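Heads up, the thing below is written out as structure tokens.
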Amino acid sequence: MSTGYIRKMRTSLLDGKNVNYEFVLAQDGVEKYLPLNASIGKKITLKSHQVYECLNCQKQGAKSYGQGYCFDCFSKLAECDMCIVKPELCHYDAGTCREPRWAERYCMKPHIVYLANSSGLKVGITREQQIPTRWLDQGAVQALPILKVETRYLSGVMEKALAQVMSDKTNWRELLKNEGSNLNMIEEREKVLPLLKPLIEQYGAEILASDAVSFQYPVSQFPEKIQSIDLDKTPEQSGVLLGIKGQYLIFDNGVLNVRKYTSLKMEINL
Ligand SMILES: [Zn+2]
């Protein structure tokens, strides 16, 4: 049995394609990594201690905000601001950024605009260093970087333009239904780049000539009925692990969005 505060699962790629997962529990500044792929087909028990510890200030509480923060930190940290979810709303230039020093390290850096195939074709953005982690966290089966821009704000402008013709979100129910079908990502890129031409010229975006990458998630069986597990309502969860996709654990009796419980104290029995 291991106890600690949940972090999002750690991913890595084996042979450049197969996704390997580790369950992460943090306590007193130390993270423990528990290999998960080997537990597929086995029974796992999770028990919530029903207390969250803020990722920023370590204050404890019965609820968390913005995936792992106390309400105070959620209200004051730049990384919890609306512009992180909607980067086109970046207000750094207006001088009203909650933490300009933080923004200089995370937002005023080159960003990648990509196409991914998660629950279908979508557009997304990420910092270069977050590739391929971002795609694996989303459960994308394919991804293709298409543009590089100077800031998070500019990536948001491009994303918003593409969101007119495709989704910018993943439908988690669709994602967990099946493996997903393959798309011709290069063809999709060629379809959308002309739409972005005026913006690419206006902002001097770099068109990337990357190849598409594809990923295989460790899932032995997809659920017939998708029911989400609520650890706040039902603190103890026990079931056979059928697979892992994105940040979801797929059990024979429901699916658990691990990310939703970031900073929750719990025990896990693998
Ligand atoms: Zn806090």
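The values are calculated or read from the model by the stated rules, or taken from the named source; none is laboratory data. Since the model is a prediction, treat every value here as computed from it, not as a measurement. As a convention, Cβ positions derive from the backbone with ideal geometry for all residues, glycine included, and neighbour counts pool all protein chains shown. Each accessible area value is taken on the protein alone, full model and side chains, heavy atoms only, with ligands, DNA and RNA left out. Shrake-Rupley method; radii C 1.70, N 1.55, O 1.52, S 1.80 Å.
Between the helical axis of 185-203 and the longest alpha-carbon principal axis of the chain there is an angle of about 60 degrees. With both labels modelled 7 Å from their Cα along Cα-to-Cβ, the Asp230 to Gln50 distance reads 1.4 nm. Solvent exposure of segment 121-236 amounts to 54 Å² per residue of accessible area, where only protein heavy atoms count and the probe is 1.4 Å.
Largest first, what is the accessible-area ranking of Arg101, Arg259, Arg173, Arg7 with a 1.4 Å probe? Let's see the in-between values first.
Working: Arg101 165, Arg259 70, Arg173 110, Arg7 50 Å².
Order by accessible area, largest first: Arg101, Arg173, Arg259, Arg7.
Within the chain, the proportion of Cα pairs with more than 32 Å between them is 28 percent.
Separation of segment 77-143 from segment 1-39 is 23 Å, based on Cα centroids. With all protein chains kept in place, the per residue accessible area of segment 71-112 amounts to 61 square angstrom at a probe of 1.4 angstrom.
Mind checking the log10 I(q)/I(0) for segment 107-214 at q = 0.13, 0.16 Å⁻¹? Debye, one equal scatterer per Cα, no solvent, two decimals. These q points yield log10 I(q)/I(0) values of -0.42, -0.64. Helix 152-162 and the longest principal axis of the C-alpha atoms of the chain enclose an angle of approximately 80°.
For the set Lys122/Lys265; Lys32/Lys225; Lys59/Lys260; Lys42/Lys225; Lys177/Lys245, the pairs lying more than 22 angstrom apart at their alpha carbons are Lys122/Lys265; Lys32/Lys225.
If I take every Cα pair under 8 Å that is 6 or more residues apart in the chain, average their sequence separation and divide by the length, what percent do I get for the relative contact order?
Details: 565 pairs, mean separation 79.3, N = 270.
It rounds to 29 percent for the chain.
Counted over the chain, the DSSP beta bridges are approximately 95% antiparallel. What GluC sites (Glu not before Pro) in segment 152-198 are in a loop by DSSP, with at most 12 other Cβ atoms within 10 Å of the Cβ? Passing both the DSSP loop test and the Cβ count: Glu179.
Using packing as a proxy for protection, rank 149-157, 19-27 so that the peptide with the highest average count of other Cβ atoms within 10 Å comes first.
149-157, 19-27
With a 1.4 Å probe and all protein chains left in place, how much of the accessible area of the chain comes from carbon and sulfur atoms, in whole percent? Before the final figure, lay out the partial values.
Working: 6430 of 13460 Å².
Taking all protein chains in place, the chain shows 48 percent carbon and sulfur surface.
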